[in-house]
1. Condition test on residue 55, is it assigned to a helix (DSSP H, G or I), at pLDDT below 95 and surrounded by 14 or more Cβ atoms within 10 Å (Cβ to Cβ)?
2. Output the residues belonging to region 62-96 that are at pLDDT 95 or above and either surrounded by 20 or more Cβ atoms within 10 Å (Cβ to Cβ) or not assigned by TED's automatic domain parsing to the domain that holds residue 163 (or both).
3. Do we have any residue at all in region 133-153 that's crowded, with 17+ Cβ neighbours inside 10 Å, under 24 Å from residue 101 (Cβ atoms), assigned by TED's automatic domain parsing to the domain that holds residue 93 and out of contact with any helix residue (DSSP H, G or I) (no Cβ under 8 Å at 6 or more places or on another chain)?
4. For residues that are within 10 Å of the chain's Cα centre (by Cα) and farther than 14 Å from residue 68 by Cα, tally how many sit in region 105-115.
5. On the basis of being over 28 Å from residue 49 (Cα atoms), touching a residue at least 24 places away in the same chain (Cβ under 8 Å) and surrounded by fewer than 13 Cβ atoms within 10 Å (Cβ to Cβ), does residue 119 make the cut?
6. Pairs only if they're at least six apart or on different chains, beta carbon under 8 angstrom, first in region 104-116 and closer than 18 Å to residue 155 by Cβ and in the same structural domain as residue 209 (by TED's automatic domain parsing), second part of a loop (DSSP other than H, G, I, E, B) and at pLDDT 95 or above; list them, first residue then second.
């Protein structure tokens, strides 16, 4: 009889311990599953956080596009002189910008108040408003900075001023004394309605304009 009672008590204790261990393992698995589920969910950012992330990402994208353009332009000048740079800008600049756009999943443009390529005219709306604001700041001896503006519920617009930073740029965008006659003829031939001359070193030349989907902005910070 005592053995039977002892056996029954042993079963009860073992069952209790097993139940506790099972509950502990279940809780651990539940917690692990919840962590995994949360990691798979899209990261939720507040509006202000999205704008900050867009500003940081925009700088990265503009840097990448600028490096590729300058690198290829320098190569064109080394191989074909300044006249070759005109051909490069006419044939290669836009395709390079488009490739960078595709790589990042955004739309990259270079726009100017004094454009050379007709495709570099600012679009009406937010893009034109920011360009006008940059011009106003420049005319009032203020230094325009990178900026992010909300376009609508889906898109934001990153912009960054472009300045005529290198003396080499004057050979295509400077005054008449800076541009050689052969280069000026090449510019006139490729761009009959060219406005992008008469700049001085350090002068505001235009801006980078990068249209971003907010979802892509969030992905870039994961």
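The values are calculated or read from the model by the stated rules, or taken from the named source; none is laboratory data. Small disclaimer: the values here were computed from a predicted structure and weren't measured. Note that each Cβ is placed from the backbone with ideal geometry, even for glycine, and that neighbours are counted across all protein chains shown.
1. No: the conditions fail for residue 55.
2. Hits for region 62-96 are 62, 65.
3. yes
4. 3
5. On the way: over 28 Å from residue 49 (Cα atoms): yes; touching a residue at least 24 places away in the same chain (Cβ under 8 Å): yes; surrounded by fewer than 13 Cβ atoms within 10 Å (Cβ to Cβ): yes.
Judged against the criteria, residue 119 is a match.
6. Listed pairs, sorted by first residue: 111/121; 111/122; 111/123.
For every residue, the table says whether it meets (1) surrounded by 15 or more Cβ atoms within 10 Å (Cβ to Cβ); (2) within 28 Å of the chain's Cα centre (by Cα); (3) not assigned by TED's automatic domain parsing to the domain that holds residue 154.
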site	(1), (2), (3)
166	no, yes, no
175	no, no, no
182	no, no, no
186	yes, no, no
193	no, no, no
205	yes, yes, no
209	yes, yes, no
